Structures are given as structure tokens and as C-alpha cells.
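Chemist: Pasting a structure here, questions to come.
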Amino acid sequence: MLVRFMLSGLLVLATTMGAHAQKAEPPAPQSKNADGAPDNADPVGLDVSEAIRLARVELDGIEAGDEAAPETSRSPIELGALPPSLETTTDSTGTIRPAAAATIAPPSTRPGGPQLQWLEDVVLPDIPVRWDDRLIEILDYYKNDPRGRQHARAWVQASGRYRAMIDQVLEEHRLPKALLYVAMVESGFDPSARSPAGAVGLWQFVTPTARDYGLEVDRWIDERMHPRRATEAAAAFFEDLNSQLGSWELSLAAFNMGYGALVRAIRKYNSNDFQVLSEVEAGLPYETEVYVRKILACAIVDLNRERFGLEELSLSEAKELVSIHLPGGTSLGRIARAAGLSQDELAALNPDIKRSRLPPDEDSWPVRIPADKLDRFKGRWKNAPPSGPSHGVHVLRFGERLKDVAEIYGTTESKLRRLNRLEDDEAMRPGRRLKVPDVAPRSEAGDDRPEASVVGVPERQFEYSDRQRVFYEVQPGDRLAAIAEHFQLGLDDLLRWNDVTTDAKLQSGMWLQLFLPTDFPLETSVVWRADQVRPLVVGSEAFLDQREAEQHRERIRYQVREGDTLKSLAERFELSVGSIARINGFSTRERPEPGSELVIYVKREGAAARN
């Protein structure tokens, strides 16, 4: 059973008093900057795994556990007026600040508790701090427990890797600098950190939220592991959360448990006070209560290092990096050799590049190298420059969509359009040559279709000695006349071989049976040979049995008994009256005669109920 502490209810709102570094120069708007543009966000040479191991706080009896992945919702929601103590305002610079901020010292004593004079006159972060037993317990752990001091030392030291970059982005978005400590709690400042739930990076984004905030996540690139790009996305996310919630306590809680879950709790308990939601039964997850206070505690420790025995601690240094744009498809090994690095060292500086070369579906991609390696790189690259992006060529087949081609080469339709400079509404015609990533293609469209897929055919039989039987799956927008023209057939042929009519449009997912000349080049089209599918006559017992088997049902024949009604049979076989009537071709008002036979579709495990 989780132990909940009674909280003091004393609210303190304060801003930092010169504790953070001076305002940084405005950052470049994107990390994908021009060749040679500095990017100071990335380190080298730190034992990240050890720092992360130490940085994840495990209080005795108070373990935060795996934080829930944040949800994304930008839709406005009315939460009601906030108490004055929790309201925020915007200062003259547009920066979001607590309203009526004041510096109020924490209590020096607690009734029946320890003496807390060491908390007097502490410097507070620029988000509201609410003093309660849980927060003080965490701070005491960092100050007086040997393990807690070791943890605090590790993460404060590791914070130097990205502190300047994160402060810069937060300043650009006019957000509190205390949000820096969210990255500490989420990942220990490790851009490669992964959670069991699939969250990744400094800020532990899950894939849908990352994409919602403009991060690229695909086979080649995962920008959740790009320190600056992920930080910019996190800043935008926090802007949205605070805009909707109006409280940094609630915004932090939403980042942890999800915006939608938090709003449901607010509505359920009719309160937008984090303290009230923390105290009420099942108000907030235990992990979220600890998460918010842990971030506040980390901020207080870092702003008052001398109180926690950390005044002499040296922060790890951020390596000065520059970004250079290189052709898509270039191998990391080649780039590393030109820069005088090992491939592992280059990969550590670019954790967002998932594979051993740059994405081949891009004309170019930025790579970060140490600034002191730039001159060497330029000299070596100039002497042996690559010929250009490495691309293959794919000839579009009849019945093949751009989406199919993207799947074959492990990319996306939008990237193929960009690579080939295609408009969104540009028609794609068979025979068109497309640039594609220079990779071994996966199975082509249709090759991975389950063996012996069932295709319904007419009862009519056709035999030709000089033709080959194939099957074509109708694609969106296909017309009979265009299909006949491509396969060099007459329209009458298509009508004779298939149960289709010119009086209605074809629908995607239908199949057409074709008998093509033996010398027709099948490689120009997406078709299946007769031995790749299982043709069954539409309406035959085999066809009907197979179709129901695909739905995990079995067709049985039931002999009607005295007293049976459609309603009683529907209840017995877990069908609707309408379904039984439709299967057997009569009205729902029909009363089946005893001794007559009905076809019934039953779940396979219920087939024994036929008797």
C-alpha cells in the first residue's frame, strides 16, 4: 500500500535570484544549420552509463518508477479560474512567471520533525515551490544520506553537458530555466536513454508525441536523440501544457502522466490545485506526485550547491561542435576518417543517426563533428569528395503506388516525393523512373502476400494454349478501359473473364482474372501468377467455407427443431436475427419450419452447438 503524507499546505512562490548563468546568446533557430555553424549541445568523453545509473533517484520506500509517456493534446479546455497563489503572469519580456512572486523562507522547524535551519534563505527556482513533507524528505535525502549525496553529485556534474544549450532554448521560448531539471529526471541528460515503454532521448518522447512536435522518427533518423531538436520540441510541448493548464506543477504532472489523464482527474475531483489532487484518494499516480517534487528538489539542490556539499564540484564540459551538411547515403566511416575520429566516436556525437550512413532518401543531412576537427575535415573531404547522394532507380510498375515503393525501400511516401521533387497531387504513371534509397529492396509489392490468397472467380471456365493466367488487384482510381489498354486486352475480354460491369466503378481490393499473351512482360505490372493465389468459384462451398474461416467462423447446416424461432437461434449461435435471415435469403419475419435446413455461421469453438 502506498503511503501518503499529510502536507503542510504552505505555498511558496519564488523566482531565482541570480542563481542561473547569464542570459545566453540567441540560438540558431534549428540545429540543422549551415555548414560550419556552431552547435554546442553535445559532449564527448563522459561515462554516461555510470552517471545515469547514479542519477536515477531511488529513495528508501519512495521510488519514482517508470514515468508515463506524455500525451499530446492541443485542443483548448476550460479548467476554471486558478487560485491567485497558482496563477501565472507574463512579464514585460513575455516570459511566463508566477504571479505575485515572493521569496518566502521555508520553515526552520516542523512540529514533531527535524530542525530545518539549513533550508533558511535558500535560493529558489523560477517556478512555484510548495513546501511539504515529501519535498523536504527528498531534499534531506540529497543532503544527509550518503547515497543521495552520491546521486546529486553525479547528476549535477553530468548537467554540464547540455546545460548551456537547454538554458538557451528555454530562454528563446521564454520558459522557466527550472525546466532543465525535467531532462535530469527523465534521462539523466543522456540523449540515448530508452525506457521500457519506448520513450527515447533527453526528454523521453514517445514516437507519436515526437512526430506531433516536428521530430523525425523513421528507419534512418530518430531526432528524439538529437539534443537540440528534442529540446526545442520539449519547449514547444511545455508552452502548450502551460497555456492549457496555467500552473507549472500541473504542467509537470501532465508531462509525466499525460495531459488527458490529468484533465480527467481535474474534472473528476473538481479541482485544479495540484496539492488537492495529490492528497485525494486516487487523485494522481504516486509516481507523478514524486516526479513533480523531485524536479523541484533537483532545482533547489543545484541552486544551493554549498548547502548540499557540492560547492567544489566541477561540471562536465560541453564539446564545441559544428554541423556540416553532407550528401545523403554517405557512410559514417568515411566521414569519421576525414575528421580524424573513430566511427564509434562520430556515432556518439550523432545519436540521432540510427544507421551506419546518412539517410539515403535525403539530398543532404547535417552531421556534427568537433569544431577543432573542422579544418582537418575540410582538407581531406576536399581532396576526395563524394560524387553526390547515393541513390538507386526504381521503375514504377502498373498497379504500384508510391506508398508501395516507399515500403520496398524502407522510407516514406513524403520523402520519396521530396527526393523526386513531386507535387502532392502529381499523377504517377507506369514506367516512370524514381530515385530511391540505395539499399537492398525489401520484398516487392505483393511478394509478401500470404501464400495462396483466395481470389473469387466466376464459375465459367477458360482454357488457352497461348496465354498465361494471372491476377491483378484493383488499385484506387483504376478503370476497366485503362487496365485493358495496359495489358493489351479488349474490354470485352475483361467482362467475359470476370463478374464485372461497365455500369459501375471498380473498387480497390477487387481482383481481375486476366489471360495474357505468354510473351507479355509481367515485370512491368504488379500481378500474381495462378500458382501464387487460390482461385475459388464465388458461391461454391469451398469459397464460402474459406471466407468464413478467415473470420474464424465455421459454416454449419442446422436442421430446425420444433419450437425453434429466429430469435432463439440467434441467441443460441450468438448471431443477430438479421444475420441468419441474410445468410439464408429470407425475411426477418420468417418462421422456420421444423425439419428445414438453415446455414449458420458460428465461432469455431461453438461449432459443437450444431446438435
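The values are calculated or read from the model by the stated rules, or taken from the named source; none is laboratory data. From a predicted model like this one, the values you see are computed outputs, not experimental measurements. Ideal geometry is used to build each Cβ from the backbone, glycine not excepted, and the neighbour counts take in all protein chains shown. For the accessible areas, the whole protein counts, side chains as well, though only heavy atoms, and no ligand, DNA or RNA atoms are used. Shrake-Rupley method; radii C 1.70, N 1.55, O 1.52, S 1.80 Å.
Chemist: What number goes with the only condition from (1) within 30 Å of Glu407 (Cβ to Cβ); (2) open to solvent by less than 50 Å² (accessible area, probe 1.4 Å); (3) touching a residue at least 24 places away in the same chain (Cβ under 8 Å) that Pro370 does not pass?
Modeler: Pro370 satisfies all of (1) within 30 Å of Glu407 (Cβ to Cβ); (2) open to solvent by less than 50 Å² (accessible area, probe 1.4 Å); (3) touching a residue at least 24 places away in the same chain (Cβ under 8 Å) except (1).
Chemist: Consider Leu175 carefully, then state whether it is in contact with a strand residue (DSSP E or B) (Cβ under 7 Å, 6 or more places away or on another chain), open to solvent by less than 10 Å² (accessible area, probe 1.4 Å) and in a loop (DSSP other than H, G, I, E, B). Reasoning before the result, please.
Modeler: Numbers: in contact with a strand residue (DSSP E or B) (Cβ under 7 Å, 6 or more places away or on another chain): yes; open to solvent by less than 10 Å² (accessible area, probe 1.4 Å): yes; in a loop (DSSP other than H, G, I, E, B): yes.
Yes.
Chemist: While we're here: Based on this model, can you work out whether Arg376 counts as on the phi < 0 side of the Ramachandran plot, of a type in the set (Lys, Arg) and in contact (Cβ under 8 Å) with a residue 40 or more places away in the chain? Explain how you work it out, then say what you get.
Modeler: Working: on the phi < 0 side of the Ramachandran plot: yes; of a type in the set (Lys, Arg): yes; in contact (Cβ under 8 Å) with a residue 40 or more places away in the chain: no.
No; evaluated as a whole, the condition is false for this residue.
Chemist: Now a separate question. Within the range 215-249, can you find the residues that are in a strand (DSSP E or B) and β-branched (Val, Ile, Thr)?
Modeler: Val217, Ile221
Chemist: Quick check, is Leu516 of a type outside the set (Lys, Arg) and touching a helix residue (DSSP H, G or I) at 6+ places or on another chain (Cβ under 7 Å)?
Modeler: Working: of a type outside the set (Lys, Arg): yes; touching a helix residue (DSSP H, G or I) at 6+ places or on another chain (Cβ under 7 Å): no.
No; evaluated as a whole, the condition is false for this residue.
Chemist: I'm trying to understand the selection: among the residues of the range 554-569, which are surrounded by 12 or more Cβ atoms within 10 Å (Cβ to Cβ) and either in contact (Cβ under 8 Å) with a residue 40 or more places away in the chain or β-branched (Val, Ile, Thr) (or both)?
Modeler: Glu554, Arg555, Ile556, Tyr558, Val560, Thr565
Chemist: Taking into account only those residues within the range 570-592 that are within 16 Å of Arg557 (Cβ to Cβ) and part of a loop (DSSP other than H, G, I, E, B), which is least open to solvent (accessible area, probe 1.4 Å)?
Modeler: Filtering the range 570-592 for residues that are within 16 Å of Arg557 (Cβ to Cβ) and part of a loop (DSSP other than H, G, I, E, B), the one least open to solvent (accessible area, probe 1.4 Å) comes out as Pro592.
Chemist: Within the range 486-499, work out how many residues are within 17 Å of Pro535 (Cα to Cα) and either without any contact (Cβ under 8 Å) to a residue 40 or more places away in the chain or open to solvent by less than 30 Å² (accessible area, probe 1.4 Å) (or both).
Modeler: 4
Chemist: Something else about it: For Leu494, are the conditions met, namely being over 29 Å from Tyr601 (Cβ atoms) and either touching an Asp or Glu at 6+ places or on another chain (Cβ under 6 Å) or not in a loop (DSSP other than H, G, I, E, B) (or both)?
Modeler: Yes, satisfied.
Chemist: Can you name every residue in the range 543-553 that is outside any helix (DSSP H, G or I) and surrounded by 14 or more Cβ atoms within 10 Å (Cβ to Cβ)?
Modeler: Arg553, the sole residue that qualifies.
Chemist: What are the residues in the range 512-542 that are of a type in the set (A, V, I, L, M, F, W, C), within 24 Å of Asp493 (Cα to Cα) and not in a loop (DSSP other than H, G, I, E, B), if any?
Modeler: Leu512, Leu514, Phe515, Leu516, Leu522, Trp528, Ala530, Val533, Leu536, Val537
Chemist: It is to be established whether one or more residues within the range 306-320 are over 30 Å from His391 (Cβ atoms), more than 30 Å from the chain's Cα centre (by Cα) and of a type in the set (Phe, Trp, Tyr).
Modeler: Yes, some residue in the range 306-320 is over 30 Å from His391 (Cβ atoms), more than 30 Å from the chain's Cα centre (by Cα) and of a type in the set (Phe, Trp, Tyr).
Chemist: From Thr502, Thr518, which residue is among the β-branched types (Val, Ile, Thr) and surrounded by 11 or more Cβ atoms within 10 Å (Cβ to Cβ)? Talk me through it step by step, then tell me what you get.
Modeler: Numbers: Thr518 fails: surrounded by 11 or more Cβ atoms within 10 Å (Cβ to Cβ).
Going through Thr502, Thr518 in turn, the sole match is Thr502.
Chemist: Within the range 204-214, count every residue that is over 27 Å from Glu289 (Cα atoms) and not in a helix (DSSP H, G or I).
Modeler: Looking only at that region, the number is 1.
Chemist: Going residue by residue through the range 294-311, is there one that turns out to be open to solvent by less than 10 Å² (accessible area, probe 1.4 Å), in contact with a strand residue (DSSP E or B) (Cβ under 6 Å, 6 or more places away or on another chain) and either in a loop (DSSP other than H, G, I, E, B) or of a type outside the set (Ser, Thr, Tyr) (or both)?
Modeler: Within the range 294-311, one or more residues are open to solvent by less than 10 Å² (accessible area, probe 1.4 Å), in contact with a strand residue (DSSP E or B) (Cβ under 6 Å, 6 or more places away or on another chain) and either in a loop (DSSP other than H, G, I, E, B) or of a type outside the set (Ser, Thr, Tyr) (or both).
Chemist: When the range 312-330 is examined, which residues are found to be surrounded by fewer than 17 Cβ atoms within 10 Å (Cβ to Cβ) and either at pLDDT 90 or above or on the phi > 0 side of the Ramachandran plot (or both)?
Modeler: Selection gives Leu315, Glu320.
Chemist: Right, something else. With the requirement that a residue be crowded, with 24+ Cβ neighbours inside 10 Å, assigned to a loop (DSSP other than H, G, I, E, B) and in contact with a Pro (Cβ under 6 Å, 6 or more places away or on another chain), what does the range 178-195 give you?
Modeler: Pro191
Chemist: Only residues that are open to solvent by less than 70 Å² (accessible area, probe 1.4 Å), touching a Leu at 6+ places or on another chain (Cβ under 9 Å) and not small (Gly, Ala, Ser): list them for the range 405-429, please.
Modeler: Val405, Tyr409, Thr411, Leu416, Arg417, Leu419, Asn420, Leu422, Met428
Chemist: Separate question: Among the residues of the range 196-203, is there at least one that is assigned to a strand (DSSP E or B), of a type outside the set (Phe, Trp, Tyr) and surrounded by 23 or more Cβ atoms within 10 Å (Cβ to Cβ)?
Modeler: Yes: the range 196-203 contains one or more residues that are assigned to a strand (DSSP E or B), of a type outside the set (Phe, Trp, Tyr) and surrounded by 23 or more Cβ atoms within 10 Å (Cβ to Cβ).
Chemist: While we're looking at this one, here's another question. Is at least one residue of the range 299-318 hydroxyl-bearing (Ser, Thr, Tyr) and more than 30 Å from Asp140 (Cβ to Cβ)? Talk me through it step by step, then tell me what you get.
Modeler: Pass one, the range 299-318, residues hydroxyl-bearing (Ser, Thr, Tyr): 314, 316.
Those left that are additionally more than 30 Å from Asp140 (Cβ to Cβ): none.
No, the range 299-318 has no match at all.
Listed here are the residues, each with its yes/no results for (1) within 17 Å of Asp302 (Cα to Cα); (2) modelled with pLDDT of 95 or more; (3) polar (S, T, N, Q).
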| site | (1), (2), (3) |
| --- | --- |
| Ser195 | no, no, yes |
| Gln204 | no, yes, yes |
| Met225 | no, yes, no |
| Ala230 | no, yes, no |
| Ala236 | no, yes, no |
| Asn242 | no, yes, yes |
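Chemist: Cβ-Cβ below 6 Å, separation at least six or inter-chain, first residue in the range 114-133 and under 22 Å from Glu289 (Cα atoms), second open to solvent by less than 50 Å² (accessible area, probe 1.4 Å) and assigned to a strand (DSSP E or B): which pairs?
Modeler: Between residues of the range 114-133 that are under 22 Å from Glu289 (Cα atoms) and residues that are open to solvent by less than 50 Å² (accessible area, probe 1.4 Å) and assigned to a strand (DSSP E or B), the close pairs are Pro128/Pro98; Val129/Val12; Arg130/Leu11; Trp131/Val12.
Chemist: Do we have any residue at all in the range 343-357 that's open to solvent by 10 Å² or more (accessible area, probe 1.4 Å), in a strand (DSSP E or B) and at pLDDT below 95?
Modeler: So far as the range 343-357 goes, yes, one or more of its residues are open to solvent by 10 Å² or more (accessible area, probe 1.4 Å), in a strand (DSSP E or B) and at pLDDT below 95.
Chemist: Of the residues that sit in the range 433-485 and are among the charged types (D, E, K, R), in a loop (DSSP other than H, G, I, E, B) and surrounded by 13 or more Cβ atoms within 10 Å (Cβ to Cβ), which one is modelled with the highest pLDDT?
Modeler: Asp478
Chemist: What is the number of the single condition among (1) in contact (Cβ under 8 Å) with a residue 12 or more places away in the chain; (2) out of contact with any Phe, Trp or Tyr (no Cβ under 6 Å at 6 or more places or on another chain); (3) open to solvent by less than 90 Å² (accessible area, probe 1.4 Å) that Leu536 does not meet?
Modeler: For Leu536, the exception is condition (2).
Chemist: Here's something else I'd like to know. Would the range 532-555 turn up any residue that is at pLDDT below 90 and polar (S, T, N, Q)?
Modeler: Yes, some residue in the range 532-555 is at pLDDT below 90 and polar (S, T, N, Q).
Chemist: From (1) open to solvent by less than 10 Å² (accessible area, probe 1.4 Å); (2) farther than 19 Å from Val439 by Cβ; (3) outside any helix (DSSP H, G or I), pick out the condition that doesn't hold for Ala336.
Modeler: Checking Ala336 against (1) open to solvent by less than 10 Å² (accessible area, probe 1.4 Å); (2) farther than 19 Å from Val439 by Cβ; (3) outside any helix (DSSP H, G or I), the one that fails is (3).
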